[in-house]
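Asker: Take a look at the following structure, please.
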Amino acid sequence: MEAGLTTPDKGILMVVSAPSGAGKTSVCREVLKEFPEIRFSISYTTRPRRPGETEGIDYFFVPEEEFRRRIGAGWFVEWTEHFGYYYGTSRRTLEEALNRGCDLMLDIDTEGAKKIREAFPEAVFVFILPPSMEILRERLEKRGSEQPEALEKRMRKAYNEIREVFRYDYAILNDRIPLAVERLKSVYIAEKCRSERLKDSINKVFGLEESNGKNHR
Ligand code: 5GP
């Protein structure tokens, strides 16, 4: 007979938001490396590919016309516009993966996360924080890709996003990447251990529903 608890039928959807420059990509990447069973949900975007980015790994890069057509067809569970480019998440990809029992990590902005919460209320919401606004500014400046005006715009946007942190289940401070990675891993492991998620499996393994606990009290 098979022993132990099996994984739940439905996958966990872990939604991760952070202001640009908080180090979300590095933290998520490390966690995904250590937990290859978590699949990363790849968004669709109309923004040009940056150096080092790969089609189908970082994003699916699509022409604007195609993106608009998909919006019209109700293809996206959520979509948004950032600095003149569209970003969106495919509803079907999420549903299919979760129904197959696949755990998914979704990297999304705070507005997108709100829409995901409406469509997938059982998802786990995680916010990654930079150590401070000053350090966030330094990090964005160091990137060097920002014109001063764009930098101020990003800083204002970051502040407004951070105000949303209390809508999230977890807040992870990224003061040092290895620490933030440990924190995010802990969230995932804790969520995997939720008794509710393991209910069917626990009932089966320990025969709780059949005996109603009478035999073993
Ligand atoms: P970037 O252009 O720097 O890759 O991303 C800009 C912003 O778009 C980030 O805050 C990122 O989290 C957000 N983003 C990426 N994919 C999606 C998506 O599918 N939907 C939404 N709403 N935001 C996204």
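Asker: How do 26, 41 rank by accessible surface area computed with a 1.4 Å probe, from largest to smallest?
Answerer: The ordering from most to least exposed comes out as 26, 41.
Asker: A further question on this structure: What order do 189, 135 take when sorted by accessible area (1.4 Å probe), most exposed first? Don't skip to the end; give the middle numbers.
Answerer: Values: 189 80, 135 60 Å².
Listed by decreasing accessible area, they come as 189, 135.
Asker: Mind listing the long-range amide H neighbours of residue 14? Cut-off is under 5 Å, sequence gap 5 or more, other chains count too, H placed in the peptide plane at 1.01 Å from N.
Answerer: 104, 105, 106, 124
Asker: Rg(Cα) of the range 110-157 divided by 2.2 N^0.38 Å? Display every interim value, and only then the final one.
Answerer: Values: Rg = 14.5 Å, N = 48, 2.2 N^0.38 = 9.6 Å.
Here the Cα radius of gyration is 1.52 times the empirical estimate.
Asker: Let me see the P(r) profile for the range 13-194: every Cα-Cα distance counted, bins of 10 Å, each bin given as a percent of all pairs.
Answerer: Final binned percentages: 9, 36, 40, 14, 1.
Asker: If you take the charge dipole of the chain about its Cα centre, with +1 on Lys and Arg Cβ and -1 on Asp and Glu Cβ, which of 98, 130, 13 is farthest toward its positive end?
Answerer: Toward the positive end, the furthest listed residue is 130.
Asker: Sticking with this structure for a sec: Tell me the angle of helix 133-143 to the major Cα principal axis of the chain, expressed in degrees between 0 and 90 and rounded to the nearest ten.
Answerer: 70 degrees
Asker: Next up: Tell me the relative contact order for the chain as a rounded percent, counting alpha carbon contacts under 8 Å between residues six or more apart.
Answerer: 32 percent.
Asker: Continuing with the same structure: List the residues whose amide H sits under 5 Å from the amide H of residue 59, counting only those 5 or more places along or on another chain, with H placed 1.01 Å from N in the peptide plane.
Answerer: 54
Asker: Measure up 115/199; 24/114; 114/157 against 22 Å on the Cα-Cα distance and list the ones that go over.
Answerer: Violating the 22 Å limit, Cα to Cα: 115/199.
Asker: What whole-number value in Å² describes the accessible area per residue of the chain for a 1.4 Å probe? Walk me through the numbers on the way to the answer.
Answerer: Details: 13020 Å² over 217 residues.
Value returned for the chain: 60 Å² of accessible area per residue.
Asker: Counting alpha carbon pairs within less than 8 Å and at least 6 residues apart, what relative contact order, in whole percent, applies to the range 39-129?
Answerer: So the answer I get is 30 percent.
Asker: Here's a follow-up. For the chain, find the longest principal axis of its Cα atoms and tell me its angle to the long axis of helix 24-34, 0 to 90°, nearest 10.
Answerer: 40 degrees
Asker: Another question about this same structure. Specify the angular offset, from 0 to 90 degrees and rounded to the nearest 10, of the alpha carbon long axis of helix 177-192 from the longest principal axis of the alpha carbons in the chain.
Answerer: Relative to the chain, helix 177-192 is tipped by roughly 40 degrees.
Asker: Let me ask something additional. At a 1.4 Å probe radius, carbon and sulfur cover how many percent of the accessible area of the chain?
Answerer: Carbon and sulfur: 50 percent of the exposed surface of the chain.
The values are calculated or read from the model by the stated rules, or taken from the named source; none is laboratory data. Since we're looking at a predicted model, the values are computed, not measured. Ideal geometry is used to build each Cβ from the backbone, glycine not excepted, and the neighbour counts take in all protein chains shown. In case anyone asks, the SASA skips ligands and DNA or RNA and just uses the protein heavy atoms, side chains included. Shrake-Rupley method; radii C 1.70, N 1.55, O 1.52, S 1.80 Å.
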